[in-house]
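Structure, as structure tokens:
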Amino acid sequence: MATSKITFIKDIEPVNSDFTNKVKVLKLWTLDTKFYANEKYSIEMIFLDEQGSLIQANVFQNLFYRFQKTLHDGSVYEITTLSVARHNPYPNSTIFSDLPNKITFLRETELKDCLDFPGNVFGLSFVDF
């Protein structure tokens, strides 16, 4: 995967999946299925970009074999070919971003470790008190 122009989280739109994001995984967890106690439904993540924007992302069960061993809390990646959709959460669920979109990994999604992340590494924005 060649390094291409980075698209910031606030600039991605659901109409386009051909972009590259440089993101840090702030938090990663799994969701269980509703019907089977020990079966996982998805891997859920909160991504942070260099500008401090947050977005929720997920990997569904059918793609665990591709990404489960690669994705880790605190790691930084360059990611290409993602699906972007409007975030339509279930009632009473928590939304982790002010942006209306979320990211879903595809079979074509490529993930590359990245060592260069000049943004805020903790995801905190301090304000005057």
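The values are calculated or read from the model by the stated rules, or taken from the named source; none is laboratory data. None of the values given here were measured: they were computed from a predicted structure. FYI the Cβ positions are ideal-geometry reconstructions off the backbone, even for glycines, and counts take in every protein chain you see. SASA here: full protein model, heavy atoms, side chains in, ligands and nucleic acids out. Shrake-Rupley method; radii C 1.70, N 1.55, O 1.52, S 1.80 Å.
Summary table below
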read-out: Within straight-line cross-link reach of K10, aspartates and glutamates at Cα separation under 18 Å, skipping those fewer than 8 residues along the same chain; value: D18, D49, E50, E78, D98
read-out: R66/D11 FRET efficiency (R0 22 Å; Cβ-Cβ; nearest 0.05); value: 0.25
read-out: Straight-distance crosslink candidates among lysines, where the alpha carbon sits under 22 Å from K40 and sequence neighbours closer than 8 are dropped; value: K27, K69, K102
read-out: Gained length - L99 relative to L31, 0.36 nm times residue gap less alpha-carbon distance; value: 22.3 nm
read-out: Contour minus Cα-Cα distance for R86 and L106 (0.36 nm per residue); value: 5.6 nm
read-out: Per residue value of the accessible surface for region 1-71 (all protein chains in place, 1.4 Å probe), Å²; value: 58
